[in-house]
Each structure stands twice: as C-alpha cells, then as structure tokens.
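The structure appears right after this line, and notes come after that.
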Amino acid sequence: MRVALVHYHLQSGGVTRIVCHLQKALGQRGIRTVALIGKPPSVPGVGDFRVIPGLQYEADRPAITPAELAAQMRAEAAAVLGGPPDLWHVHNHCLGKSLVLPLALHLLAGQGERFLFQIHDFAEDGRPANYRAMLATMAGGRREVLSRLLYPQGDHLHYGVLNRRDYRYLREAGLDACHLHLLLNPVDLGPIDNHRPAAAAASEPLWLYPTRAIRRKNLGEFLLWSALAPEGVRFATTSGPENPAEQARYRRWLQVAAELGLPVRFEMVRPGGPGFVDLLGRADVAVTTSVAEGFGMAFLEPWALGVPVFGRNLPEITPRIGGEGVDLPWTYDRLDIPLDWLGRDRVEEAAREGLQRNLAAYGRFPTPDDLHRLLTAWINEDRIDFGRLDEPLQETVLRRLVAARAHAALLGPGELPEPDSLRASLSENQEILRSRYTLACYGEAVEAVYRQVASAAVTAPGSLDGEALLDRFLAPERLSLLRVD
C-alpha cells in the first residue's frame, strides 16, 4: 500500500510527532509512505519526505492555485512512492493555516482520490481569525460553501479524530459512522528505563507542568496550586509560549509569581539543561491545569515514566476509564471558589462581555437564553469554577489566597494530595499504556482504517453541516474566558 501523508511542516509540535510515529509504525507493517510538507523538517526521525512550498502556512507560502498545488502533490507523491498513492492521509486541513490547501484537496476528492482527513484541531474551536479568513477568502462569505469545501462527505472520504467529543460533534454534523474513526495517539517517549526510581532524588519535591505555557494551559490555576503547596515543594513549567500574541499575559504571570514569592520556576527546558523527557522523569508529580486540549497527552505520558498526574480533568477529552483510559485518581472537574470573592455583578459582566465577543468573532449573536446557560455551567451553589475566569479575575483570587492562606479551606478542592497517594494506580496505568498505546497498536489501528478507505467506492461528494458543527463548539456551557481574545 502507498500512502501520502500531508501536513504544513515537520517542525517541533504535536502533529509532527504523530506524522513521525505514523511513518515508523506503518513502515514496520510494510506500508510505504511519503510526507508532503511545506519546508524542510527540523526534527529527527522523519522518513521519506518531499518539500512542496505551496503547503506552507498562508503567510509564508508562494502564490499558487489549487489546481497547481494538487498537481504538484500528485507528482511528488508518485515520484517517491513509485506510483499514485492508494490514499491521502491529511492532517489539520480545515484549521485555516492555508487558504489554498482545502481547495486543492476538494479538487482531488472530486476526481476520485481517496482521503483520510485527520483533524487534530478545529478553527471552530477558539480560532475565529482562521475561520473568518476561510469564510471570506475561500467561500465568499457563504457558510454553506465553506462547509462543502472543508467537510466533504462520500464513501471514499473518511475522517479521523482524537477524542470522543470530536467524534460526537462530527456525527451530529451528519458524518456517517462508517466514515469516522477514533484514532488515539500513541505514547512513545523513546527508550524508558523501567527500573528508575518513582521520583528522582532531589533536595525538594518537584511538581512539574510539562507544557508550553500558552493561554489555554491556565497558568493562573497552576500558580494557585503553587501558593498552596507545603513548604519546600517546588513547582515548574517546561517551556514558555512562542506566539508573540501570548507574551503580554505570560509576562504578567511571571511578574505576579515573583511579586508574591511563589515557589515556581519557569521554562526549565533550555539549551544546555535537561531535555523534556529527562526533566519529566525527575518530577515527583506532573501537573495539568489546561482548560482545553485536543487529545490530552499530559494525562498519559507522565505515567510511562513512573510519574503520577494531578490537576484539572477534561471529561470530554480524557479517554474513559475501563475502556482505553488510564485511572486518574487525583483530578478534579472544577476548582470552585466562593463567588462573593469576586462579586456576582463583576462575574456576570465579564461573562456577558466574553460571550458576546466570542460569538461576534464568528459572526453570531447571543440568544436571550445563552447567558443563563453559561452562568448555570459556571456557578454551582454560589461557587464559581476558577478555570472559567480570565487572568485579572484569577489574579484577584490568587492575591487573596496568598494574603490569607486559611481561605484555602473554602476552595473545592482546597489542598494538594500526598504524592504517594497518587502512585496507587501506577502499575495499572503503565500496563494500559503498554497494551493499548504502543506504536505497534497505533500502526495496526491506522492500517485497518486505510484498508477501509482504499477499498471504498468513489461516490459524488456531499458535505457535512458546518453550522451544526459550529453550534457545538460555540455552546455557552463550554466557554472559558481564557479562550476569548
């Protein structure tokens, strides 16, 4: 079988890791692959690839028509694979990073090429500028046209997603179950010493947030936990944000942490220092406070290194326990604080403005019931979930707790667990990772999907209901102010 993998780049990042995993796992199964990318890769472990500059991000790509791009993709894939690909496996085509790629793919699909569209992230989910650009440039402002271009449907057109939320949303947008596949990412950190101590010997316990500290990672909540940590416990993050738009908020949190004397170190993965995997392996506990993820690798990877996980659960993302999921013994769905610490009027005004801005960014307006739905999700018995708040509101709460530590008793939950209590599920979780999340398992699952796609009849493309999909992502109950610009 010959497969063309398509992505904008193979630079450092989550999708790049998956493409590299795919090439390795599929190669072991005798499937020939080539990665078509927009610029030369910058990571090790890449298999066969060809650079097509027209695949770069919109701001970087040369001028090219959809027909020209489609022709170049066909020619380069065939040159490496020794013939036309049996199918195309495309990653994040609908994210709005390119305004020509979806049009080229639509042409190829209409000509009978078979596709697996793997969606890691949606423009409808917190990326309104990307969505507006696609709507205006690709579809002339017509939403039904954008749906047809982004989400074609046919027997020879299949979709892969990372979590059950996205699976449900695409089904509700009209995608047939036989054309939709749940593809759970593999956990592969390279060779692991299974005999290493549960936590590295250190002068102080380390609670590590293994993340690039972008806004949705909810850094304010991480700092809150550091403020409640016992004496002598260190907190740390691995990396800072790269996006210039993230810098001002991030620098403010660094300033607040220093001003309040919080036991936190930032950006510990640096040149000349320990790498990501080594640092994670040294941690006593891995922390995650993110309010939004596509897959949630932070819930899985630490266990492979013998490091338990603590923090905010994301029930719509994390795999189900007892199915393909690991046990998360010390996670919470909400971090409740007393509403009167902020005042109901202040919270309601912030909610109203955030809701309006979020919907307006997608060309929509709130209905009379939307604010009530939002506040019902946010507030429970005069307590509000800290993760729904924006940075100024979170800072108000953090300063209150630092000034009066006894107020932590009013939080829910209000204290850190003992690290030893987190390790009760370690052996079971590691066995789940070994049996269900290996590269071999991933390769087997993906090949099974490829066989379905490659043998499918070619049918005239229809399309999903893009407006129904947007409805799901913009539901007021899902809103966190950390995702509103």
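Side notes on the structure shown:
- Rg and Dmax of segment 275-361, Cα atoms only, in Å: 17.1, 47
- Over segment 336-416: Rg over Rh, Cα atoms, Kirkwood Rh: 1.03
- Of all lysines in the structure, the ones whose alpha carbon falls short of 28 Å from that of K24, not counting any fewer than 8 places away in one chain, are K39, K97.
- Loop-located GluC sites (Glu not before Pro) in segment 340-410, at most 10 other Cβ atoms within 10 Å (DSSP): E381
- Distant alpha-carbon pairs in segment 52-194 (separation over 21 angstrom), percent: 48 percent
- Proxy reagent accessibility, fewest Cβ within 10 Å first, across T318, T16, T65, T288: T65, T318, T16, T288
- Taken over segment 290-448, the convex hull of the Cα atoms encloses 163 Å³ per residue.
- Loop-located GluC sites (Glu not before Pro) across segment 216-287 with a Cβ neighbour count of 12 or fewer within 10 Å are E231, E242, with loop assigned by DSSP.
- Amide H contacts under 5 Å for L36, placed H, 5+ residues apart: L5, V6, H7, R50
- Sequence-distant residues sharing a close amide H with G160 (under 5 Å, placed H): F117, Q118, I119, H181
- Two-decimal Rg to Rh for the chain - Kirkwood Rh, Cα set: 0.97
- Where the alpha-carbon atoms of segment 406-457 are placed on the principal axes, they occupy 65, 26, 11 Å, in descending order.
- Sequence of M134, M297 once ranked by neighbouring C-beta atoms within 10 Å, starting from the fewest: M297, M134
- Backbone phi angles across segment 302-315, fed through the Karplus curve with coefficients 6.51, -1.76 and 1.60 (θ = phi - 60°), yield HN-Hα couplings of x, 4, 4, 9, x, 10, x, 10, 10, x, 7, 7, 10, x Hz in residue order; Gly and Pro are listed as x.
- q = 0.16, 0.24 Å⁻¹, segment 1-111: log10 I(q)/I(0) [Debye, one scatterer per Cα]: -0.66, -1.49
- Rounded to the nearest angstrom and listed largest first, the equivalent-ellipsoid semi-axes of segment 445-485 from its Cα gyration tensor are 35, 16, 7.
- Kirkwood estimate for segment 98-149, i.e. one over the average of 1/r between Cα atoms, Å: 11.8 Å
- For I384, the residues whose amide H sits under 5 Å from its own are I337, L339, ignoring neighbours fewer than 5 places away on the same chain, with H placed 1.01 Å from N.
- Think of it as helices only: each DSSP H run of n ≥ 4 in the chain is worth -39500 (n - 2.57), and spread over all residues that comes to -10500 deg cm²/dmol at 222 nm.
Every number here is computed from the coordinates shown, using simple stated rules; none is lab data. Please read these numbers as outputs of a predicted model, since none were measured by experiment. Neighbour counts are summed over all protein chains in view; Cβ atoms, including those assigned to glycine, are modelled from backbone coordinates with ideal geometry.
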